[in-house]
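*Asks:* Please see the structure below; I have some questions.
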Amino acid sequence: MNRRTFMTASATAGLSAAAAEPALKNTVYGLLYFYMRNGTQVERTTAYLRDVYLPAAKRHGITAGFFSPVVGEHAPYILSLAAYPSWSGIEKLHFEFAEDKDFQEGWDAYNVIGDPAYERMEGILLYAFDKFPVIDVPPTEGRAAARIFELRTYESPSEKALARKIKMFEDGEAAIFKRLGMAPVLFGRNISGPRLPCLTYMLSFDDLAARDRLWKAFSADPEWQKLRATPGLGDAELVSNIHNTILRPLPFSMVR
């Protein structure tokens, strides 16, 4: 099997040059969207991620999450999230997956020429913020029901504006989230994909009612009101567009 197989399967296609960079402490997140038609494509892709990709991810030390949209465009789709330890870690895993016979056999059975299991894929790479360098997987002990997750992307009008917005998150905004009980899972600067320059982060909530309640609390929070009123930190200067999607984890997701 061609070694490029792994790169396609885990949202890291075309990164051989970047993967050769020295290892860094910040996590690299791969977001891979599988866009499908209703019916057998959803069933086949779900089975592939559950029975082929997830066991391989666990064997090779990757934290992986799998989500379907509660609210969002282009459904049906599945979002696969993979957390890699570094750029060099992506390269290492590329070769490990290429030598993983169980994964390669499952990948080959999933990818049938003439009978695709998806319509298109879309891959995005994020580089974790310095102050939030690793994924924070919510605990599952004692929970009967899965959480919901919100994935938010903030576009900025320039790279300089994006850098300032990232600093705003690191120096205060994320701390307000945590104080109010809005549980961040990850923060990352988008390295590849559409809508650059932009950042993406993920929050978890107990349910939709909790999400609505906590966002209202955040909007009214005095510390947030003071921070957003600081000269140079207003949305009009730093954020040109916001995209958000409400996600529900699949039953086998490691992030749930």
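*Asks:* Pop a pseudo-label 7 angstrom from the Cα along the beta-carbon direction at both ARG179 and ASN111 and give the gap in nm to one decimal.
*Replies:* About 4.9 nm, to one decimal.
*Asks:* Tell me, what HN-Hα J-couplings in whole Hz come from the Karplus equation 6.51 cos²θ - 1.76 cosθ + 1.60 at θ = phi - 60° for each residue of segment 103-118, using x for Gly and Pro?
*Replies:* Coupling constants for segment 103-118: 5, 4, 5, x, 4, 5, 5, 6, 8, 9, 5, x, 9, x, 9, 7 Hz.
*Asks:* To continue, here is another question. Let me have the 222 nm mean residue ellipticity of the chain computed from DSSP H runs of 4+ only, each contributing -39500 (n - 2.57), with the sum over all residues rounded to the nearest 500.
*Replies:* -9000 deg cm²/dmol
*Asks:* Shape verdict for segment 74-161, please, from the Cα gyration tensor: rounded (a/c under 1.5), prolate (a/b greater than b/c) or oblate. Walk me through the numbers before you get to the answer.
*Replies:* Details: a/c = 1.43, a/b = 1.36, b/c = 1.05.
Rounded.
*Asks:* Average projected area of the Cα convex hull of segment 100-251, in nm²?
*Replies:* 12.0 nm²
*Asks:* Another question, then. Taking the Cβ-Cβ separation of ALA220 and PHE252 as r and a Förster radius of 51 Å, what is the calculated FRET efficiency to the nearest 0.05?
*Replies:* 0.85
*Asks:* From the phi angles alone, apply the Karplus equation (6.51, -1.76, 1.60; θ = phi - 60°) to segment 52-62 and give each ³J(HN,Hα) in whole Hz, x where the residue is Gly or Pro.
*Replies:* 10, 5, 4, x, 5, 4, 5, 4, 10, x, 9
*Asks:* If I compute solvent accessible area with a 1.4 Å probe over the protein chains, what percent of it on segment 112-256 is carbon and sulfur?
*Replies:* 54 percent
*Asks:* Dipole of segment 84-221 (Lys/Arg Cβ +1, Asp/Glu Cβ -1, origin at the Cα centre): which of ILE148, SER158, SER204 lies farthest to the positive side?
*Replies:* Comparing the listed Cα positions along the dipole, SER158 ranks first.
*Asks:* Once R0 is set to 22 Å, what does the formula 1/(1 + (r/R0)^6) return for the Cβ-Cβ distance between GLU170 and ALA210, expressed as a FRET efficiency to the nearest 0.05?
*Replies:* Working: r = 25 Å, r/R0 = 1.13.
Efficiency for this residue pair is about 0.30.
*Asks:* Roughly speaking, what is the stretch gain from ASP51 to ARG195, that is 0.36 nm per residue apart minus the C-alpha to C-alpha distance, in nm to one decimal?
*Replies:* The ASP51-ARG195 span can extend by a further 48.6 nm.
*Asks:* Give me P(r) over segment 58-113, computed from all C-alpha to C-alpha distances, binned every 10 Å, as integer percentages.
*Replies:* Histogram of Cα-Cα distances, whole percents per bin: 19, 38, 33, 10.
*Asks:* Using Cα-Cα distances under 8 Å and only pairs 6 or more residues apart, what relative contact order does the chain have, in percent?
*Replies:* 26 percent
*Asks:* Set the bar at 32 Å for Cα to Cα. Now go through LYS101/LYS167; LYS25/LYS101; LYS131/LYS226; LYS92/LYS216; LYS101/LYS131; LYS25/LYS178 and name every pair that lies beyond it.
*Replies:* Working: LYS101/LYS167 44 Å; LYS25/LYS101 30 Å; LYS131/LYS226 22 Å; LYS92/LYS216 44 Å; LYS101/LYS131 38 Å; LYS25/LYS178 23 Å.
Too far apart for the 32 Å limit: LYS101/LYS167; LYS92/LYS216; LYS101/LYS131.
*Asks:* With a/c under 1.5 counting as rounded, go ahead and sort segment 21-104 into rounded, prolate or oblate using the C-alpha gyration tensor (a ≥ b ≥ c being the square roots of the eigenvalues; past the cut-off, prolate if a/b is larger than b/c, else oblate).
*Replies:* Oblate shape, in that a/c is at least 1.5 and b/c is the bigger or equal ratio.
*Asks:* Related question: Please list, in order along segment 166-177, the HN-Hα scalar couplings obtained from phi with the Karplus expression 6.51 cos²θ - 1.76 cosθ + 1.60 (θ = phi - 60°), rounded to whole Hz, x for Gly and Pro.
*Replies:* 4, 4, 5, 4, 5, 8, x, 4, 5, 5, 5, 3
*Asks:* Quick check: pseudo-label points 7 Å beyond the Cα along Cα→Cβ at LYS92 and THR40, how many nm apart are they?
*Replies:* So the label points at LYS92 and THR40 sit 4.0 nm apart.
*Asks:* Can you pull the semi-axes for the chain, root of five times each eigenvalue of the Cα gyration tensor, sorted largest first, whole Å?
*Replies:* Over the Cα atoms of the chain, the ellipsoid semi-axes are 32, 21, 17 Å.
*Asks:* Answer rounded, prolate or oblate for segment 167-256, using the Cα gyration tensor with square roots of eigenvalues a ≥ b ≥ c: rounded when a/c is under 1.5, else prolate when a/b is larger than b/c, else oblate.
*Replies:* oblate
*Asks:* Suppose accessible area is computed on protein heavy atoms with a 1.4 Å probe; arrange MET254, MET36 from highest to lowest.
*Replies:* Highest to lowest solvent-accessible surface, that is MET254, MET36.
*Asks:* Might you work out the accessible area of HIS74 for me, using a 1.4 Å probe with all protein chains in place, and round it to the nearest 10 Å²?
*Replies:* Looks like 130 Å² after rounding.
*Asks:* Using the crude model of +1 on Lys and Arg Cβ and -1 on Asp and Glu Cβ, and no other charge, please compute the dipole size for segment 117-256 relative to its Cα centre, in debye to 20.
*Replies:* On the way: 20 positive and 18 negative charges, 16 e Å.
In total the dipole reaches around 80 debye.
The values are calculated or read from the model by the stated rules, or taken from the named source; none is laboratory data. All figures in this text were calculated on a predicted structure; none of them were measured in a lab. A quick note on method: Cβ atoms are made from the backbone with ideal geometry, for glycine too, and the neighbour counts reach across all protein chains shown. Only protein heavy atoms, including side chains, enter the accessible area calculation; ligands, DNA and RNA are left aside. Shrake-Rupley method; radii C 1.70, N 1.55, O 1.52, S 1.80 Å.
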